[in-house]
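Following: one structure in structure tokens, then a few remarks.
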Amino acid sequence: MNLEKILSISGKPGLYVLRVQTRSGFVAESLSDGKKITVNLKSNVSLLSEISIYTHDGEKPLVEIMEAIAAKHENGPAISHKADNDTLLAYLKEVLPTYDEERVYASDVKKILNWYNTLQAKGMVIEEKAEEATAEAVVEEAAPETEKPKAAKKVKE
């Protein structure tokens, strides 16, 4: 899952994709309706790739949490962000058992699930581990074929 150009803009609903940087800010495109907006440098903007969640062990990047959600639901939609707070916190406990209960709030979980479901609806949830496993499987299939002739040569000698 690549969150490098996905933005959350304070005061604007939904997620945006960074399109072009300008002298006074940048142009972003809404994922919900495709409209382009200009954002000045004074706006409070967060790149999803830079967001982390507090855990007892430190901080965990948002991309890893979204990958865990994707794995749990096989890249399908997660539970609704409109569920009650207890349900949301219990869900996060399933996905990220080590999250810090004192510093992570239900509103944070609502944002994460809302963002995940938005990205999933746009087909932007791709499990990188599955892609890596596919690439490794291709390499493993190719490797035995190249090794077999070497083994055959040793047998002939």
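Worth a mention:
- Those trypsin sites (Lys or Arg not before Pro) in segment 1-106 that DSSP places in a loop and that have at most 12 other beta carbons within 10 Å: Arg23, Lys35, Lys42, Lys82, Arg103
- Ser43 versus Tyr105: modelled label distance in nm, points set 7 Å from Cα along the beta carbon direction: 2.4 nm
- The GluC sites (Glu not before Pro) of segment 1-83 that DSSP puts in a loop, and whose beta carbon has at most 14 other beta carbons within 10 Å, are Glu4, Glu74.
- Counted by Cβ distance under 15 Å from Arg103, the other residues give a net charge of -3, where Lys and Arg count +1 and Asp and Glu count -1.
- Two-decimal ratio, segment 1-105, of alpha-carbon radius of gyration to 2.2 N^0.38 Å: 1.21
All of the numbers you see were taken from the coordinates with simple rules; none came from a lab. Just so you know, these numbers come straight off a predicted model, no measurement behind them. Virtual Cβ from ideal backbone geometry, glycine too; neighbours counted across all protein chains shown.
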